[in-house]
1. Within the range 39-51, work out how many residues are in a loop (DSSP other than H, G, I, E, B) and more than 14 Å from Leu7 (Cα to Cα).
2. Going by the conditions given, is Glu5 within 13 Å of the ligand (Cβ to nearest atom), surrounded by fewer than 16 Cβ atoms within 10 Å (Cβ to Cβ), over 12 Å from the mean Cα position of the chain (by Cα) and at negative phi?
3. Looking at this structure, is Glu60 surrounded by 11 or more Cβ atoms within 10 Å (Cβ to Cβ) and more than 13 Å from the chain's Cα centre (by Cα)?
Amino acid sequence: MNEDEKLAMLVCPMGKKPLERQGDTLVCTSCGTRFAIENGIPNMLIEEAKLPEGCATIAELKCVASGEVRYDG
Ligand SMILES: [Zn+2]
């Protein structure tokens with residue numbers, strides 16, 4: 001399995017939706033959160049991810065705000 005295939009198997013830790021690779025980031029196709037790929041290793045910690053435009057906190061993410069995903073952090 002090559003790197004791209006491994007990355008393609010990852011899902012967003014919040015809504016478990018597929019991610020799309022954009023340069024050195026993985027972007028959730030659902031909530032838009034961006035996860036950095038550092039030295040080939042994706043950092044899937046939601047606390048360290050870059051939230052999409054319009055979201056100041058994790059609780060404001062589309063999937064969390066809608067009640068689809070629980071986030072107690
Ligand atoms: Zn997501």
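1. The qualifying residues number 3.
2. No; evaluated as a whole, the condition is false for this residue.
3. Criteria met by Glu60.
Results for (1) part of a loop (DSSP other than H, G, I, E, B); (2) near the ligand (Cβ under 9 Å from one of its atoms); (3) aliphatic (A, V, I, L, M); (4) touching a residue at least 40 places away in the same chain (Cβ under 8 Å), shown as yes or no for each residue.
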{"residue": "Gly15", "(1), (2), (3), (4)": "yes, yes, no, yes"}
{"residue": "Leu19", "(1), (2), (3), (4)": "no, yes, yes, no"}
{"residue": "Leu26", "(1), (2), (3), (4)": "no, no, yes, no"}
{"residue": "Gly32", "(1), (2), (3), (4)": "yes, yes, no, no"}
{"residue": "Ile37", "(1), (2), (3), (4)": "no, no, yes, no"}
{"residue": "Glu53", "(1), (2), (3), (4)": "yes, no, no, no"}
{"residue": "Ala56", "(1), (2), (3), (4)": "yes, no, yes, no"}
{"residue": "Ala59", "(1), (2), (3), (4)": "no, no, yes, no"}
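Since every read-out is calculated from the coordinates, none of them should be taken as a lab result. Worth saying up front: this structure is predicted, and the values here are computed from it rather than measured. Heads up, the Cβs are rebuilt from the backbone with ideal geometry, glycines too, and the neighbour counts pull from every protein chain shown.
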